[in-house]
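Below is one structure, written out as structure tokens; comments come after it.
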Amino acid sequence: MSRIKGMQALFKRHRQPGDIVFAWVFFAVAAFLFTQLGAQSPWMPEAKTFSQPAFWPTVSVGLMVVFGALHLLSSALSPRLTGRLSELGFWLRSAEYALWFMIYVFMVPWAGYLPTTMLFGAGLALRAGYRSKSMMVSVLLLSIVIVVIFKSILQVKIPGGELYQYLPGPWRSFMLTYL
């Protein structure tokens with residue numbers, strides 16, 4: 001009997017107020033992906049089933065739809081929890097950092113990798129509440145180290161900034177190559 005209670009405790013479901021919203025979004029995304037499988041992953045007429053390029057994507061996305069539907073059903077049949085809007089607000093606050101990243105990605109080709117990394121590093125440090133002079137210096141030095149590692153050592157190809165064209169010749173070529 002204690003073994004059954006242990007299993008029940010293991011599989012006991014802990015719900016959050018935003019569970020039904022997550023279940024709907026997950027199911028909708030999975031269903032959309034399932035509708036796109038034919039265009040994205042072809043089935044070859046001569047290939048064996050397990051060698052098909054579309055086999056494993058179809059299995060995985062199909063299981064996403066099935067388990068997403070089961071999650072949606074169990075969430076819909078569960079008692080309603082209060083606090084859904086505050087939970088959604090918490091999720092949306094997390095999206096702020098995705099917005100920071102998108103702005104960063106759009107700024108790099110215009111301002112350059114080094115200035116943008118330094119600017120956004122300092123901005124994120126200020127946003128997180130780190131305002132001391134030593135922290136700002138640390139963030140700026142870390143930004144320089146990150147840029148040097150990515151551009152010079154790892155040789156990641158990152159487009160040079162449009163602002164670099166206003167630098168004198170030797171500086172422009174140095175900045176485009178290394179920073």
Within the chain, which DSSP H helices have Cα atoms that stretch 24 Å or more along the helix axis and a mean Kyte-Doolittle hydropathy of at least 0.0? 19-40, 55-77, 84-111
For 101, 55, ascending order of other Cβ atoms within 10 Å (fewest first) is 101, 55
Nitroxide proxy distance, nm - points 7 Å out along Cα→Cβ at residue 94 and residue 3: 3.8 nm
Taking the Cα centre of each part, how many Å lie between region 31-72 and region 105-179? 42 Å
Out of region 109-152, which trypsin sites (Lys or Arg not before Pro) are coil in DSSP terms and have no more than 10 other C-beta atoms within 10 Å? 131
Relative to the present Cα-Cα distance, how much length would full extension add between residue 142 and residue 24 at 0.36 nm per residue of separation? 38.4 nm
For region 2-82, what does the convex hull of the Cα positions come to per residue, in cubic angstrom? 117 Å³
Distance in nm between pseudo-label sites at residue 101 and residue 43 (7 Å out along the Cβ direction from Cα): 3.5 nm
When the chain is modelled as a GNM with alpha-carbon springs shorter than 10 Å, which of 38, 18, 89 fluctuates the most? 38
Per residue, the convex hull volume that the Cα atoms of region 94-178 enclose (Å³): 97 Å³
Kindly identify the chain as rounded, prolate or oblate by the Cα gyration tensor criterion: order the square roots of the eigenvalues as a ≥ b ≥ c, call it rounded if a/c is under 1.5, otherwise compare a/b with b/c, prolate if a/b is larger, else oblate. oblate
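Laboratory data are not the source of any read-out in this text; all were calculated from the coordinates shown. Computed from a predicted model, the values in this text were never measured in an experiment. Methodologically, a virtual Cβ is constructed for each residue, glycine included, from the backbone with ideal geometry; neighbour enumeration extends over all protein chains shown.
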